[in-house]
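No value in this document is a laboratory result; all are computed from the given coordinates. Treat the numbers as computed from the prediction; the structure is a model and nothing was measured. Glycine gets a Cβ as well: all are built from the backbone with ideal geometry, and neighbour counts include every protein chain shown.
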Amino acid sequence: MTTTLTVPTITQAPRLPAIQQSLTLAWRNVVKIRHQPEALMDVSLQPIIFTVLFVFVFGGAIAGDWHDYLTYLVPGILVQTLMFATQGIGVALNNDIAKGVFDRFRSLPIARSAPLVGAVLADVVRFVTSIGVLLAFTAALGFRTTQGFASAALAVLVAIGFAMSLSWVFVWIGLTVRSAGAVQGVGFLATFPLTFGSTALVSADTLPGWLAAFTRNNPVTHVIDTVRGLLLGGPVAEPLLWTAGWSALLLAVFVPLAMRAYRRRV
């Protein structure tokens, strides 16, 4: 008589697709914001501060009437505040690495890209908050779009899409430099000339020739001109194509760089 031993088989839980893993980690970051709403303070106050500063302090000198300048300024402030908001992801990732959060992620059966993609997706909450505060505040001051709701919604989507592409630059910076303070310093140096050297505040026609040439070819100008055209009317097709091209270029260059920096860092 023989005895047959049956060895139980261990069934592993099915591995989630990479996109689902990214969404799960994005939700983790959103939950952190829910428990720390002060994390939205910068993107909530910046649009108001910039609008008050430029409209009421400089608006009369630039355009002669602050209300006319408000109409011109809002698309520029919308893109400008998103540009500054993208720096937050680099700071957050740098802090997570310092705290050992990514060491724990490394031990989990998840795609290497999931923590980074999740962080970028979660930043949409910050972008939407910034845009919502800006549009509500400027509407109270008298700003109105002229192209309808669908065109305004497309303007918001274009701005957020470019901001998400730009976020990968700061993902790479956050994984490369050694401290959160350094991320902010490098980020400021990178975004300041692009935002203020664009058509956010004044038309390129009013600038000296050398600066006007830089401004017209500035990728931020293309985004602002697209948003301005969708909100207020004007050319959209050409700046939209440029915006799509710049967004694709940022993704093509900085997603691989960020992934390589992530593998080296953790």
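Table for the structure above
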read-out	value
Net +/- balance of residues flanking Ala155 in space, Cβ distance below 14 Å, scoring K and R +1, D and E -1	+1
Cα gyration tensor shape for segment 39-265, rounded if a/c is under 1.5, else prolate or oblate	prolate
Total formal charge among the other residues, if their Cβ is under 11 angstrom from that of Arg112, Lys/Arg +1 and Asp/Glu -1	+3
Sites excluded, trypsin sites (Lys or Arg not before Pro) in DSSP loops with at most 16 other C-beta within 10 Å, longest stretch of the chain	16-111
Environment charge of Gln80, counting only residues whose C-beta is closer than 15 Å and scoring Lys/Arg +1, Asp/Glu -1	0
Spatial separation of Cα centroids for segment 191-266 and segment 100-138, in angstrom	22 Å
